[in-house]
1. Counting only residues that are over 25 Å from residue 193 (Cα atoms) and open to solvent by less than 80 Å² (accessible area, probe 1.4 Å), give me the helices (runs of 4 or more DSSP H) lying completely in the range 26-141 with at least 2 of them.
2. If you check every pair at least six apart or on different chains, which have Cβ atoms under 6 Å apart with a residue in the range 46-64 that is closer than 10 Å to residue 23 by Cα first and a residue that is surrounded by 12 or more Cβ atoms within 10 Å (Cβ to Cβ) and among the hydroxyl-bearing types (Ser, Thr, Tyr) second?
3. Take the residues in the range 142-159 that are charged (D, E, K, R) and out of contact with any helix residue (DSSP H, G or I) (no Cβ under 6 Å at 6 or more places or on another chain); name whichever of them is surrounded by the most Cβ atoms within 10 Å (Cβ to Cβ).
4. Checking residue 149 against (1) of a type in the set (Asp, Glu); (2) over 19 Å from residue 108 (Cβ atoms); (3) assigned to a loop (DSSP other than H, G, I, E, B), which single condition isn't satisfied?
5. Return yes or no: is residue 187 in a loop (DSSP other than H, G, I, E, B) and either surrounded by 12 or more Cβ atoms within 10 Å (Cβ to Cβ) or free of Cβ contacts under 8 Å to residues at least 24 places away in the same chain (or both)?
6. Just for the range 112-126: of the residues that are over 15 Å from residue 93 (Cα atoms) and either under 17 Å from the mean Cα position of the chain (by Cα) or among the polar types (S, T, N, Q) (or both), which one is modelled with the lowest pLDDT?
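The values are calculated or read from the model by the stated rules, or taken from the named source; none is laboratory data. What you are looking at is a predicted structure, and each value in this text was computed from that prediction instead of being measured. Because the Cβ atoms are built from the backbone with ideal geometry, glycine has one as well, and the counts that use them run over all protein chains shown. With ligands, DNA and RNA removed, areas are computed over all heavy atoms of the protein, side chains included. Shrake-Rupley method; radii C 1.70, N 1.55, O 1.52, S 1.80 Å.
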Amino acid sequence: QINVEKFTIEKRKKNLIFTSAGDNTEFYNNWLGKDRNYDVWVVYYGNNENNYKKYSNMVDFIIKNKGSKWQNFYFIWNKYKKYLLEYERFWIVDDDIIIDTNQINKLFDLSKKYNFWVCQPAFTKDSLISHQITVQKENSFFRYVNFIEVGVVLLSRDSLIKFMEYYDSKLIGWGIDYFMFWVLGQNNKNKYAIIDTI
């Protein structure tokens with residue numbers, strides 16, 4: 001069990017990556033480079049104590065719990081909300097997303113610079129695509145949209161707070177992206193973006 005009080009005193013970052021990680025992931029090879037502008041919190045749902053110990057030595061916070069990514073975020077939201085609210089931006093991301101630290105830093109920086117309520121990086125054409133709108137567009141910096149893929153959603157603190165007022169832990173994954181925009185207001189302009197340069 002991590003000492004949350006000590007962790008919070010030592011924390012310097014304003015941005016947070018949250019993921020729910022199992023035993024079939026290599027997030028630690030992609031996201032944990034030097035000069036991060038974000039902390040990394042993990043809820044471990046796997047069954048391998050060696051993996052749990054390995055992740056523990058790499059990330060800023062880790063705890064065990066069974067469940068999907070959003071169910072596990074809801075778990076720590078209820079347990080450690082006052083610590084989470086010290087962050088300004090939250091990237092709630094699947095543990096199989098391949099992206100490096102430099103690109104993640106830029107993602108957080110652009111989210112703040114343009115005051116996006118919700119945004120995401122684009123998917124490369126060879127990614128596993130669920131929604132065509134999320135594929136990277138050439139010669140585009142970013143696009144305002146009214147849909148963000150739930151596997152890579154980055155939220156401002158105010159947007160996250162509002163969404164968590166409505167989130168129910170029965171929601172596992174499918175449909176959360178649509179529900180999020182219903183909660184936040186799907187007709188708001190210039191608040192949601194896909195960043196094609198990332």
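1. By residue number, 49-56, 69-84.
2. So the pair list comes out as 52/44.
3. Selected residue: 157.
4. Tallying (1) of a type in the set (Asp, Glu); (2) over 19 Å from residue 108 (Cβ atoms); (3) assigned to a loop (DSSP other than H, G, I, E, B), residue 149 fails exactly one: (2).
5. No, not satisfied.
6. The qualifying residue modelled with the lowest pLDDT is 124.
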